[in-house]
Amino acid sequence: MTLVGVISDTHGRLDRQAYEALADCDHIIHAGDICNPGILRELQTLAPVTAVLGNNDFDEYGESVGRYAHPNIDGVKFLVAHYPRDVRISAFGSGALAPGDPIPDICVHGHTHVPKLEYGKEARPAQFVLCPGSASYPRGGNQRTIAKIEIENSLVKNIRIETLSGTVLMSVGDLS
């Protein structure tokens, strides 16, 4: 099994609790508003990192961090962008996908600082749309959160959004 950690909107702050919450992950996705290159270096001590630029980020991260990312992690296709509108795929396509690009299994975004997990018809044509909330500055009365995705045999087995102390807020499980 592969465990993917998803974090967003750190805004220059990756405290010990956020770092430790991702320590068991095999891959980490940062959905933007990183605001400090040192955060990506810290996360890379835990696992490989895929990151995108947020509205508060600049080109200080090098060519490996752009507006969109399309990682394939153990057979599961992701689309990662900071803005929710960039991961929404309509009949007219998406700015984050070129014609002929495969439809992602999971679309990940940040920006709102509010955790959200959509699946089924709300997520179509993807299987899931995920916002992990904010690991540093939550909004809407939420706690600081991250998300974790379990992948096994190229299938999403579980997605959960949890507080930095490990309390599960939202979960979709047993997806085989």
* Of Val52, Val65, Val129, the one that fluctuates the most in a GNM where the chain has Cα springs shorter than 10 Å -> Val65
* Take the alpha carbon atoms of region 137-152, find their center, do the same for region 1-18, and report the distance between the two centers in whole angstrom. => 9
* Pick from Gly110, Gly140, Gly12: which residue has the top mean-square fluctuation in a GNM of the chain where Cα pairs under 10 Å get a spring? -> Gly140
* Structure fact -> Here P(r) for the chain, Cα-Cα distances in 10 Å bins, as whole percents, is 11, 44, 37, 8, 0
* **Translational diffusion coefficient (Stokes-Einstein; Kirkwood radius from C-alpha pairs) of region 89-176 at 4 °C, 1.567 mPa s, in µm²/s** => 93
* Structure fact -> In deg cm²/dmol, rounded to the nearest 500, the helical mean residue ellipticity at 222 nm of the chain, built from -39500 (n - 2.57) for every DSSP H run of length 4 or more, is -2500 deg cm²/dmol
* Considering the chain as a Gaussian network with a 10 Å cut-off on Cα pairs, which listed residue, Leu22, Leu46, Leu130, attains the greatest mean-square fluctuation? -> Leu46
* Percent antiparallel among DSSP beta bridges (both partners in region 2-168, rounded to 5) -> 60
* Förster radius 22 Å - calculated FRET efficiency between Ser154 and Glu118 (Cβ-Cβ, nearest 0.05) -> 0.55
* To do: Determine the relative contact order of the chain: mean sequence separation of Cα pairs under 8 Å and six or more apart, normalised by residue count, in whole percent.
  => 22
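Values in this text are rule-based calculations from the coordinates and carry no lab data. None of the values given here were measured: they were computed from a predicted structure. Cβ sites come from the backbone with ideal geometry, for glycine too, and all protein chains shown count toward neighbours.
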